[in-house]
1. Kindly list, by first and then second residue, each pair from a residue in the range 266-283 that is on the phi < 0 side of the Ramachandran plot to a residue that is basic (Lys, Arg), limited to pairs with Cβ atoms under 7 Å and residues at least 6 apart or on different chains.
2. On the given criteria, is Ser198 buried (at least 20 other Cβ atoms within 10 Å of the Cβ) and in contact (Cβ under 8 Å) with a residue 12 or more places away in the chain?
3. Does the range 83-92 include one or more residues that are small (Gly, Ala, Ser) and under 26 Å from Arg256 (Cα atoms)?
4. Looking at (1) modelled with pLDDT of 75 or more; (2) touching a helix residue (DSSP H, G or I) at 6+ places or on another chain (Cβ under 8 Å); (3) aliphatic (A, V, I, L, M), which is the one condition that is false for Val38?
5. Just one of (1) under 30 Å from the mean Cα position of the chain (by Cα); (2) at pLDDT 85 or above trips up His167, so point out which.
6. Of all residues being surrounded by 12 or more Cβ atoms within 10 Å (Cβ to Cβ) and among the hydrophobic types (A, V, I, L, M, F, W, C) in the range 274-294, which is farthest from Thr344 (Cα to Cα)? Just the residue, please.
7. Please state which one of Leu400, Leu359, Leu355 is modelled with pLDDT of 80 or more and closer than 25 Å to Met304 by Cα.
8. Report those helices (runs of 4 or more DSSP H) wholly inside the range 32-122 carrying at least 3 residues which are closer than 25 Å to Phe139 by Cβ and within 21 Å of the chain's Cα centre (by Cα).
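The values are calculated or read from the model by the stated rules, or taken from the named source; none is laboratory data. It should be emphasised that the depicted structure is a prediction, and the values quoted were computed from it without experimental measurement. A quick note on method: Cβ atoms are made from the backbone with ideal geometry, for glycine too, and the neighbour counts reach across all protein chains shown.
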Amino acid sequence: MAIFRLALQSLNNRKATAFLTILTVAISLLLLLGVERVRTQAKESFANTISGTDLIVGARSGQVNLLLYSVFRIGNATNNIDWSSVEEIQRNPAVAWTIPISLGDSHRGFRVVGTTGEYFEHYKYGNKQPISFSEGQPFESLFDTVIGAEVAAKLGYKMGDDIVIAHGLSDVKFSRHDNLPFTITGILAPTGTPVDQSVHVSLPAIEAVHVGWERGVQIGNGVNAQNIDPDKLETEQVTALLVGLKSKIQTFALMRTVNEYPREPLTAIMPGIALHELWGLMSVAEQALLVVSGFVVIAGLLGMLSSLLTSLNERRREMAILRAMGARPAHIFVLLVSEAVFLTLLGIILGVLALFVILGVSAPYVLSQYGLQLSSTWLNTQELTLIGIVLIAGFLVGVLPALRAYRQSLSDGMTIRI
C-alpha cells in the first residue's frame, strides 16, 4: 500500500501533467465509446421501428430504398402504386391485413402520412408492440389528424388544435393547403420510432387537399371543406403497402407473385432481409469509425507514454534516492506501472461520465432531428470489453518506463548531470 500512496503523492506533485494525461485518455475513450454506442443503438433503433410486418410493397426499386422511404421516412419513392393493384393484393387469400401509406406532404418539417384505420390496429414496433394513444382516438371525420408524440412536444400542440399541411416537403406559404385545415383528434404515445415524427391523416383527406392541384401547383382559388363530398373522394394511388400474412410460410410465394405482377412494376421486400442489406452497406462506415476512434485511443496512450518517459528523466534522482532508502527495483517498477494504471483509470472514469452527460443532453435533439433513440443505459458487454482493452493498454504503456527505471543503476541516478 505504501507504493500506491507514493504513486498518488508523485502524481499530486505533477498535477498539470497528470491532468492533461487524464484528459487525453478521457477524450479518446469518450470518442471510442460514443462511436460504439451510436453504432449499436442506431441498429437497435432501426430494427425496432417495424415489427410484425411480413412484406412491404412499393414501386419497382431497390429494397433498401423502399425500406427507407416507407418505414423510416427517408428519401422519396421512385413511383406510386395504383389503387387497383392494392385491391388485388388485398384480395389474395394469403393476406391477413394491409396498411396503405401515402407520402409526399409535410407539416413544419414533419412528414404527413396518409393511411387508414388499420394503421393504428396492425402497425407494430419493437417486440411486436402496438402503437397506442396518449390522448384522443383515431381519425373519424375527413379532416381529423393524429400526430406523433414528438410532433406534439416540439410544436406544442394539444387536442383540438388546427394545423395546415403543405404540398411536398418544403413548408412554404404558396405550397400550403391552408384552405383545408385539420383538427387534432389524437396524440400517439412515444415509440422512439419515426411514428413519433409523423402527422397521420386519412387517405380520402389526402385526395381532398389535392383537389384543384396539378403537378404541385394550385389551380384557381381552391376549395373549402363545405364544397367537398367525402363519398366522391376515391384514392387513386399510394406510396407503399405494408402487408401482414396469415402464415409465414406464404411469404415467399406472395413476394414472387408481387414481383411478377403484370399490370405494373412492383417490388415486395421482407423488412428483416432489407435491414440486413442496409447493415452490409453501412459496415464499411462502421468499421472506419471504429478504426479512427481506435487510433485516437492509441494517440492518447502514446501521449501518456511520452509524458511518463519525459518525467522519468526528470525523476532519475528521485528513483535513486528511493533505491538508496531500501526500495528494490521491483518497487520502482510497481510504482511507475501504478501511476500509469491510475492515470488510465481516472481517464476511463472521466470519459464514461462525459459519455453519459453528453447522451443525456443530446438525446432529445438527436431523436427530434434524426429519429435515433440514444439511451443512457449502463455499459453493455461490448463497451465494458473496450474499457478493459484500454485499461490493459494503459498498463502496458506503463511497463516501458518502468523497465527503464528498473534497469537504472544506483550510481547512474546519484551522479546525474543537471
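1. From residues that are on the phi < 0 side of the Ramachandran plot, the pairs are Leu266/Arg60; Thr267/Arg60; Trp279/Lys43.
2. Against the criterion (buried (at least 20 other Cβ atoms within 10 Å of the Cβ) and in contact (Cβ under 8 Å) with a residue 12 or more places away in the chain), Ser198 qualifies.
3. Yes, the range 83-92 has at least one match.
4. With respect to (1) modelled with pLDDT of 75 or more; (2) touching a helix residue (DSSP H, G or I) at 6+ places or on another chain (Cβ under 8 Å); (3) aliphatic (A, V, I, L, M), Val38 is out only on (2).
5. Going through the list (1) under 30 Å from the mean Cα position of the chain (by Cα); (2) at pLDDT 85 or above, His167 breaks only (2).
6. Ala274
7. Leu355
8. 63-71
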